[in-house]
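Taking it in order: structure first as structure tokens, then the write-up.
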Amino acid sequence: MPAIRIVEVGPRDGLQNEKGWVPTEAKIAFVDQLSASGLVEIEVSSFVAPGWIPQLEDAEAVFAGIIRRSGIRYTALVPNQRGLARAMASQPDGISVFTAASETFARKNINASIAESIERFQPVVHESTVPVRGYISTAFHCPFEGPIAPAAVLRVALALLALGCAELSLGDTIGKATPAEVETLLRALAPHCPVDRLALHLHDTFGNAVPNALMGAAHGITVFDGSTGGLGGCPYAPGAPGNVATEALVAAFPGQTGVDPSRLTLAAHAIGPYLGRGAAVDSTQRSSP
């Protein structure tokens, strides 16, 4: 395994917010290009009900069409038991569940309180035959509630670990976190959550994603979520237009990721024509709030 593991979320988080339909064959080609880049984990799609995320209603077809390479984990997001049943039929190497550290965001994003969401995940985690990752959105700031106390994140993290989640991804959902806030949160979690079970999911809204990643690495984080071309954002989080680009993470950790940036460029250009802007978002471009 590389010293820094990048979880590529572009095919799922990067595309879920696209207004125009991205053809299934284009999604398959995007994943296949990413598979040739040296990435060791790719989140392929989501098995959320199509009414919630219409762009990803073809999850089964995408999983069926990709060429799986040895040494790469192909994973999926699931919301509940129904989503788990659909996902398992596609034989992912791992699944993810998602909640938030903010009550308001949880209700707007998944139509449930934090406690209800965790209760909903219990059978999913227990019935899954593959490792489960837990996403914690709004781990630093919420678009509705403002700054989130580390104690609130810790409560959710402990609940997910107790359920049996193998890894937790801490989300800077609207990109407002600073390196000092990353340090504060990680120091608060350190006595209770093993650092090797934590990841950072950063957005670059204010240009802090790479400094935040470097701060995370300074505190032992070795897993970072990235989206090739900086694609994506949460449809329920105003002001969160773009994930940190995978290219930016590769550049921030030279020689540590095992990823070939030129292959990422090819992947970005492969999906770009289907996004209505010629190519995927340039990795050097920062999203405005």
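The values are calculated or read from the model by the stated rules, or taken from the named source; none is laboratory data. Only a predicted model underlies this, so the values are computations on that prediction, with no experimental measurement involved. Here the Cβ positions follow ideal geometry from the backbone for every residue, glycine too, while neighbour counts run over all protein chains shown. Ligands, DNA and RNA are stripped out before the accessible areas are found, and what is left, the full protein with its side chains, is counted by its heavy atoms. Shrake-Rupley method; radii C 1.70, N 1.55, O 1.52, S 1.80 Å.
Bridges between two residues of the chain, per DSSP, are antiparallel at a rate of about 10%. Shown for the chain are the DSSP H helices of 18 Å or more along their axis, judged by Cα atoms, with a mean Kyte-Doolittle hydropathy of at least -1.0: 114-127, 150-163. Relative to one another, the C-alpha centroids of region 180-200 and region 114-172 are positioned 14 Å apart. A straight chain from Glu119 to Ala166 at 0.36 nm per residue would run longer than the Cα-Cα distance by 15.2 nm.
At 222 nm, what helix-only mean residue ellipticity would the chain give, in deg cm²/dmol to the nearest 500, using -39500 (n - 2.57) for each DSSP H run of four or more? Helix-only estimate at 222 nm: -10500 deg cm²/dmol.
Here the peptides 20-29, 171-180 are ranked by packing, the mean other Cβ count within 10 Å, and the order with the highest first is 171-180, 20-29. Using a probe of 1.4 Å on the protein chains alone, the accessible area found for Leu158 is around 70 Å². For the peptides 84-95, 38-49, the ranking by packing is 38-49, 84-95, with the highest mean count of neighbouring Cβ atoms within 10 Å listed first.
Protection proxy ranking of 107-115, 265-273, 8-16, by the mean of other Cβ atoms within 10 Å over each peptide's residues and highest first, is 8-16, 265-273, 107-115. Ligands, DNA and RNA left out, the 1.4 Å accessible surface of the chain is 54% carbon and sulfur atoms. Taking a Cβ cut-off of under 15 Å around Arg86, the surrounding Lys, Arg, Asp and Glu residues balance to a net charge of -2, with basic ones at +1 and acidic ones at -1.
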